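To start, the structure under review is shown below, and the notes come after it.
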Amino acid sequence: MRLLAFILLLAGLSSSKLCAQTHSKEEILWLSFEQLSDSLAENPKPVLLFIHTDWCAYCKKMLNEGFQDPQVVKKVNADYYAVSLDAETTDTLFFEGQAFTNQVRTKKVGQYHSIAEVFLGKKEKAVFPLTVLLDPDFKVIIRRSNYLSTKEMLNILKI
């Protein structure tokens, strides 16, 4: 009898995992810069660029809350190409046929990737998170260097 109860319990747990997997929530379709370059060439549309760091608590909050909100996800995926960039990455990134790098080989706080520096402005005044909306020609529409609530994010995405 115990064996039967155990088998039924396992079967119930398995089926609940399957249900959870089939009803997974939608997520923002983050692109790399390489993918962005190809996507813009194929189908131009505005770009949402989210620049963050590993140590920024508000960056993590936006990634875990604002960018998980179903309305934000739906709006971003429908109307924008989204790119998330760690400002301190040491990876070589390719965009429009050019290679962009970080001057340091080991990830360090305050040592920003060259693409991030373009949008951050003065290095000593870098503030994270940085959310930038760009038109398809990569001209800045909006630049916000602060935490954005879900409501604030939905407001800027209406533009």
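The values are calculated or read from the model by the stated rules, or taken from the named source; none is laboratory data. Computed from a prediction, not measured in an experiment: that's the story for all the values here. Note that each Cβ is placed from the backbone with ideal geometry, even for glycine, and that neighbours are counted across all protein chains shown.
Some notes on this structure:
- Residues in the stretch 40-73 that are surrounded by 14 or more Cβ atoms within 10 Å (Cβ to Cβ) and in contact with an Asp or Glu (Cβ under 7 Å, 6 or more places away or on another chain) were compared, and the one that is nearest to Gly97 (Cα to Cα) is Pro46.
- Counting only helices (runs of 4 or more DSSP H) wholly contained in the stretch 1-116, the ones carrying 1 or more residues that are at pLDDT below 90 and not charged (D, E, K, R) occupy 2-22, 33-42.
- Across the stretch 84-104, the number of residues qualifying as surrounded by 12 or more Cβ atoms within 10 Å (Cβ to Cβ) and among the small types (Gly, Ala, Ser) comes to 2.
- In the stretch 139-153, the residues that are out of contact with any Leu (no Cβ under 9 Å at 6 or more places or on another chain) and either closer than 16 Å to Lys74 by Cα or hydroxyl-bearing (Ser, Thr, Tyr) (or both): Tyr147, Ser149, Thr150, Lys151, Glu152, Met153
- Annotation: Leu93 fulfils all but one of (1) within 13 Å of Ile51 (Cβ to Cβ); (2) within 15 Å of the chain's Cα centre (by Cα); (3) in contact (Cβ under 8 Å) with a residue 60 or more places away in the chain; the unmet one is (2).
- Qualifying residue in the stretch 108-123 (condition: more than 24 Å from Lys25 (Cβ to Cβ), free of Cβ contacts under 8 Å to residues at least 40 places away in the same chain and touching a Gly at 6+ places or on another chain (Cβ under 8 Å)): yes
- Scanning the stretch 135-148 turns up no residue that is part of a loop (DSSP other than H, G, I, E, B), farther than 27 Å from Asn43 by Cα, among the small types (Gly, Ala, Ser) and over 18 Å from the mean Cα position of the chain (by Cα).
- Any hit, the stretch 119-132, residues being touching an Asp or Glu at 6+ places or on another chain (Cβ under 9 Å) and more than 22 Å from Gly66 (Cβ to Cβ): yes
- The one condition from (1) out of contact with any Asp or Glu (no Cβ under 6 Å at 6 or more places or on another chain); (2) under 25 Å from Ser39 (Cβ atoms); (3) not basic (Lys, Arg) that Phe94 does not meet is (1).
- Pairs, first closer than 24 Å to Glu117 by Cα and without any contact (Cβ under 8 Å) to a residue 24 or more places away in the chain in the stretch 143-154, second part of a helix (DSSP H, G or I) and of a type in the set (A, V, I, L, M, F, W, C), C-beta under 7 Å, six or more apart: Arg144/Ile156
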